[in-house]
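Chemist: Quick one: structure below, then a few questions.
The values are calculated or read from the model by the stated rules, or taken from the named source; none is laboratory data. Quantities reported herein were computed from a predicted structural model and do not represent experimental measurements. As a convention, Cβ positions derive from the backbone with ideal geometry for all residues, glycine included, and neighbour counts pool all protein chains shown. With ligands, DNA and RNA removed, areas are computed over all heavy atoms of the protein, side chains included. Shrake-Rupley method; radii C 1.70, N 1.55, O 1.52, S 1.80 Å.
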Amino acid sequence: PDPREAMLRLVEAAAAAHGIGSARCLAVYFRLPVKAAAQAAGILAGRGVLEEVEVQDWPGPVYLHPAAARPRKAAGRALLSPFDSLVFERRRLQQLFGFHYRIEIYTPAARRRFGYYVLPFLLGEKICARGDLKADRAAGLLLVGGAYAEPQAPAGTAAELAQELELLAHWLGLGAVVVQDRGGLAEPLARALGQRPAAAEELALVETSLT
């Protein structure tokens with residue numbers, strides 16, 4: 001296709017996926033150049049394909065897709081990869097959910113706040129927790145190196161996260177989930193899994209005994 005029309009099609013598809021977003025949000029969805037995506041969004045708004053709107057506390061312009069449900073209620077539950085489209089654009093994540101997130105795999109261990117490979121946990125319309133996860137395939141374990149609840153986390157967060165971790169472990173072909181005693185959510189999460197949180201030394205012994 002013509003490059004200009006291809007850009008218009010990609011930006012429209014990004015807007016349909018997001019429902020609403022800034023030009024930067026729409027660009028990041030398909031890793032498009034921000035300037036070109038902004039120009040395409042403006043053209044689509046001029047054609048009536050998108051609607052330019054204002055959102056409180058968001059810098060404009062912001063574009064709304066006409067198919068976006070209003071009002072909309074989400075009822076999903078998922079552990080989100082750092083590269084999931086919902087969390088990849090960190091500014092959008094902060095604006096929508098009030099959730100500050102940085103992947104720390106490139107941060108020296110002593111300076112990490114939450115862990116090496118941390119997945120946000122979406123529950124309904126809130127990102128209410130995060131967990132530092134590692135698949136130890138040799139030991140057959142899904143290791144939770146730390147579990148942390150957000151201030152707005154509902155009462156059932158630990159139980160819901162436990163179910164999602166068990167689902168993930170099954171999908172990965174791992175036999176059990178083990179929670180390390182790190183983070184404010186670690187103890188209730190371990191209880192929901194029918195265990196107590198393991199100290200780092202205990203976890204090392206468990207891994208050694210199963211390998």
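Chemist: Looking at 72, 31 in this structure, which one is in contact (Cβ under 8 Å) with a residue 40 or more places away in the chain, surrounded by fewer than 16 Cβ atoms within 10 Å (Cβ to Cβ) and more than 16 Å from residue 4 (Cβ to Cβ)? Show your work before the answer.
Modeler: Details: 31 fails: in contact (Cβ under 8 Å) with a residue 40 or more places away in the chain.
After applying the criteria, what remains is 72.
Chemist: Further question on the same structure: Could you say which residue among 210, 205 is in contact with a Gly (Cβ under 7 Å, 6 or more places away or on another chain) and at pLDDT below 95? Let's see the steps before the verdict.
Modeler: On the way: 205 fails: in contact with a Gly (Cβ under 7 Å, 6 or more places away or on another chain).
Every option except 210 fails the conditions.
Chemist: Can I ask one more? Can you tell me how many residues within the stretch 93-116 are assigned to a helix (DSSP H, G or I) and within 15 Å of the chain's Cα centre (by Cα)? Talk me through it step by step, then tell me what you get.
Modeler: At the first step, the residues of the stretch 93-116 found to be assigned to a helix (DSSP H, G or I) are 93-97, 109-111.
Remaining after also requiring within 15 Å of the chain's Cα centre (by Cα): 93-97.
Summing the residues that are assigned to a helix (DSSP H, G or I) and within 15 Å of the chain's Cα centre (by Cα) in the stretch 93-116 gives 5.
Chemist: For the stretch 82-111, how many residues meet the condition of being over 24 Å from residue 179 (Cα atoms), of a type in the set (A, V, I, L, M, F, W, C) and open to solvent by 40 Å² or more (accessible area, probe 1.4 Å)?
Modeler: Final tally of qualifying residues: 4.
Chemist: Still on this structure, please answer the following. Pick out the one residue from 183, 145 that is under 22 Å from residue 113 (Cβ atoms), assigned to a loop (DSSP other than H, G, I, E, B) and either open to solvent by less than 40 Å² (accessible area, probe 1.4 Å) or touching a Ser or Thr at 6+ places or on another chain (Cβ under 6 Å) (or both). Reasoning before the result, please.
Modeler: Details: 145 fails: assigned to a loop (DSSP other than H, G, I, E, B).
Criteria check complete, one pass: 183.
Chemist: Please state which one of 121, 114 is surrounded by 12 or more Cβ atoms within 10 Å (Cβ to Cβ) and touching a helix residue (DSSP H, G or I) at 6+ places or on another chain (Cβ under 6 Å).
Modeler: Working: 114 fails: touching a helix residue (DSSP H, G or I) at 6+ places or on another chain (Cβ under 6 Å).
The match here is 121.
Chemist: Of (1) in contact (Cβ under 8 Å) with a residue 60 or more places away in the chain; (2) open to solvent by 30 Å² or more (accessible area, probe 1.4 Å); (3) assigned to a helix (DSSP H, G or I), residue 165 satisfies all except one. Which?
Modeler: Answer for residue 165: the failing condition is (2).
Chemist: So residue 55 fits all but one of (1) over 16 Å from residue 89 (Cβ atoms); (2) open to solvent by less than 60 Å² (accessible area, probe 1.4 Å); (3) in contact (Cβ under 8 Å) with a residue 12 or more places away in the chain; what number is the exception?
Modeler: All conditions are met except number (1).
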